[in-house]
């Protein structure tokens, strides 16, 4: 059975490495990928960086550092490897086994057993995890066992008894690593059972069959975590001339030796971690000496294996074990060594997985309180820490230092870092950023920094000119990055000169999540375009109703979005009792929205204000209409009567720029521009914010309707909706009173209706 080699299989307790520097618990920005670029990694690591973010995973920052250090021409000629960056980041599924793969591996094994022994495939007992493909043993162990069994079955000396004995030993091995054919339930959370090793074949058995079982006995020792014994047994196999599995013996002995060097019993791991954390300098020095001795012994084993040309297919896997032991046993020393190697941008960072090994160590060491001591290990480490710790003063000082020294590569990367971190640039930084070539990897990041600088320093004309040039320019188009484009659109939107101008920058294509198995955007996946939080907030609390209609008239916006904006203006005019304006707005909605055309037409044709207002409220209930711009689409057809709620708006904002449930925190939105008729806007917001939520406002309107028009056939349903709407969501202080009043009226006046039967109690 093959013990499949993985570089970091022996150090999974060292770190829990993620794909993103930012915490996975943070709110998600759908428009800007803040932990990783949304650019194909094959392009990103050759200098097509888009806009670099200081929240990027440190290996994306390393790739950016390397690209800028080498420059546009140098990075194209630098050594790279296919999927090298993704592999180094460790953004694959790692040790997880897909259930379908697991089911296939186990099923293939049982079918091979059935064919060799001429017996039916055994049925698993109910609850056995193998039924669902949840295997604990490596899938490669199943494939190796299948291949071995198929070969044994073809031997001339194969007998049913010999094959059955080998299968029995192999089942014992699988049971040792956690896959028990006869288990009836998961042993999760329970003490690990002690599985006896396979019973050795008698000395009278043919040597070949005994040697094949020797491998199984060694494997069982390995999986039972008796690594010292496993190392001896595998070494004996490797030292036996003409042993059928000799080629694996010495290598697997090395693996067992490595496991033994780092093994800590599960119930002792926390205690050991605490001891290491609290140990004295003398104890730490003694532990390092002991670790170095273990490493020297392992490296000696690696050297012996590499010296055997017959084992050439296992040489690379053996080197990987040696490297992994350097990482685990002497992490600080290995970190310094790897940092020195990676600090040369011309070198191949993927050679012997240098960058991947550095990532594993950095994920641990650069998160520790002692990380400052590691800053000087390499220039790129200082650069990454400066960015991730948001230290603009240090970045600026480093840039000034390298400019003075004439070190152009270092000046370029530190200009990037200082501009990335500094909200406002010095005149020298501004001039240096302006001189960067559009072909340079850092070009878009520095242009974005300049746009932000001009906005924050009140140079709106410069900000607009720069933003328009980049948005329409070839560099941004070539980047193929929705994240980068959205950042520039956000900056340009913030310095718009009119509602019509701002409308040009409202629509944003969502930045797609990266495929965790490739690190790239899935092919043929179309990004959804909509309005981000800054645009939603501007539409909700930044404009008068008239200015909303101006925005709705902009043909650069999709018709569906124009209809939603016009509908919000229509409802605001009606709620503000501005009937002439409401009638005009209804005409706009009729033109823009096929779904609402009949509602708008009916509204316009009604003679009285009261009936028009009631008709609009009915339409709002049926189609989910709101005076606030919603981040979700209006209904294309009426909602189901039983599911309809008066939930279309909460308390409306009272002042310009106030939030209204937009995702502004997650999206890190900029302040919205103050444009249009601001005096009218402020007056309208004051009036609208005095109104109740949709539940309260419509509920009061329904109660008034019941008093004025008791024969209205919609009243039983409207009273039902009023009661149901008080269950939760955005409510007013008198919601309980409203609910009881509507409930009482519904049952008193319309008690025989179906809607009364659907309303057994109030809230």
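Could you state the number of Å between the C-alpha centres of region 197-254 and region 146-178?
Cα centroid to Cα centroid, the span is 14 Å.
Under the classification rounded if a/c is under 1.5, otherwise prolate if a/b is larger than b/c and oblate if not, where does region 163-241 fall, given a ≥ b ≥ c as square roots of the Cα gyration tensor eigenvalues?
On the way: a/c = 3.19, a/b = 1.57, b/c = 2.03.
Judged from the Cα gyration tensor, region 163-241 comes out oblate (a/c at least 1.5, b/c at or above a/b).
Place the peptides 233-246, 449-462, 258-271 in order of packing, highest mean first, counting for every residue the other Cβ atoms within 10 Å and averaging per peptide.
Values: 233-246: 16.9, 449-462: 18.4, 258-271: 14.2.
Packing order, densest peptide first, comes out as 449-462, 233-246, 258-271.
Which order, highest average first, do 586-592, 123-129 follow once you tally other Cβ atoms within 10 Å for each residue and take the mean per peptide? Please list the in-between numbers first.
On the way: 586-592: 21.4, 123-129: 14.0.
Packing proxy ranking, top to bottom: 586-592, 123-129.
Given a Förster distance of 56 angstrom, what is the FRET efficiency for residue 636 paired with residue 181, based on the Cβ-Cβ distance and rounded to 0.05? Present the calculation step by step, with values, prior to reporting the outcome.
Working: r = 55 Å, r/R0 = 0.98.
Step by step, r from the Cβ atoms, then E = 0.50.
Measuring from label point to label point, each 7 Å out along Cα→Cβ, what is the residue 405 to residue 680 span in nm?
Here the modelled spin labels are 6.2 nm apart.
Pairs of alpha-carbon atoms within less than 8 angstrom and 6+ residues apart define the contacts here; what relative contact order does region 98-224 have, in percent? Don't jump to the answer; show the numbers that get you there.
Numbers: 139 pairs, mean separation 33.6, N = 127.
Across region 98-224, relative contact order equals 26 percent.
Can you tell me the relative contact order of the chain? Whole percent, Cα pairs under 8 Å, sequence separation 6 or more. Don't jump to the answer; show the numbers that get you there.
Working: 1085 pairs, mean separation 96.0, N = 763.
Computed over the chain, the figure is 13 percent.
Take each of the peptides 316-328, 534-546, 645-657, 672-684, average the number of other beta-carbon atoms within 10 Å over its residues, and list them starting from the highest.
On the way: 316-328: 20.5, 534-546: 26.1, 645-657: 19.0, 672-684: 17.1.
Those peptides, ordered most packed to least, come out 534-546, 316-328, 645-657, 672-684.
Consider a paramagnetic label point 7 Å from the Cα of residue 553 along Cα→Cβ; state which residues of region 583-619 have an amide N under 15 Å from it.
584-589, 591-592
Roughly how many nanometres apart are two label points built 7 Å out from the Cα toward the Cβ at residue 286 and residue 147?
4.7 nm
So if we plug the beta-carbon distance of residue 736 and residue 595 into 1/(1 + (r/R0)^6) with R0 = 51 Å, what FRET efficiency do we get, rounded to 0.05? Each step should come with its number before you reach the end.
Details: r = 35 Å, r/R0 = 0.68.
Computed FRET efficiency for residue 736 and residue 595: 0.90.
Remind me, relative contact order of region 695-763 in percent, using alpha carbon pairs under 8 angstrom and six or more residues apart?
Working: 72 pairs, mean separation 26.1, N = 69.
In percent, rounded to a whole number, it is 38.
What FRET efficiency do you get for residue 478 and residue 158 if R0 is 60 Å and r is their Cβ-Cβ distance, rounded to the nearest 0.05? Provide the component values of the computation, followed by the final result.
Values: r = 64 Å, r/R0 = 1.06.
For residue 478 and residue 158, the calculated efficiency is 0.40.
Using a simple spin-label model with points 7 Å from Cα along the Cα→Cβ vector, what separation in nm is obtained for residue 315 and residue 269?
Distance between the two pseudo-spin positions: 3.5 nm.
Specify the angular offset, from 0 to 90 degrees and rounded to the nearest 10, of the alpha carbon long axis of helix 139-153 from the longest principal axis of the alpha carbons in the chain.
Helix 139-153 sits at roughly 40 degrees to that axis.
How much length would be gained if the chain were fully extended between residue 643 and residue 560, taking 0.36 nm per residue of separation minus their Cα-Cα distance, in nm to one decimal? If you can, show how the numbers build up before the last one.
Details: separation 83, 0.36 × 83 = 29.88 nm, distance 2.40 nm.
In short, 27.5 nm is gained.
Provide the gained length on full extension for the span residue 131 to residue 748, in nm with one decimal, where the gain is 0.36 nm per separating residue minus the Cα-Cα distance.
216.2 nm
Name all residues of region 440-455 having a backbone nitrogen under 18 Å from the label point set 7 Å from the Cα of residue 504 along its Cα→Cβ direction, giving them as ranges.
Within reach of a label on residue 504, which here means backbone N under 18 Å from a point 7 Å along Cα→Cβ, region 440-455 contributes 451-452, 455.
In degrees between 0 and 90, to the nearest 10, how far off the longest principal axis of the chain does helix 331-342 point, with axes built from Cα atoms?
Long axis of 331-342 versus the principal axis of the chain: about 70 degrees.
Please give the contour-minus-distance gain from residue 757 to residue 665: 0.36 nm per residue of separation, less the Cα-Cα distance, rounded to one decimal in nm. Let's see the in-between values first.
Numbers: separation 92, 0.36 × 92 = 33.12 nm, distance 4.38 nm.
Fully extending the segment from residue 757 to residue 665 adds 28.7 nm.
Taken together, the values in this text are just the output of simple stated rules run on the coordinates, not laboratory data. Here the structure is a predicted model, which is why all the values come from computation and not from measurement. In this analysis, Cβ positions are derived from the backbone assuming ideal geometry, glycine residues included, and neighbour counts consider all displayed protein chains.
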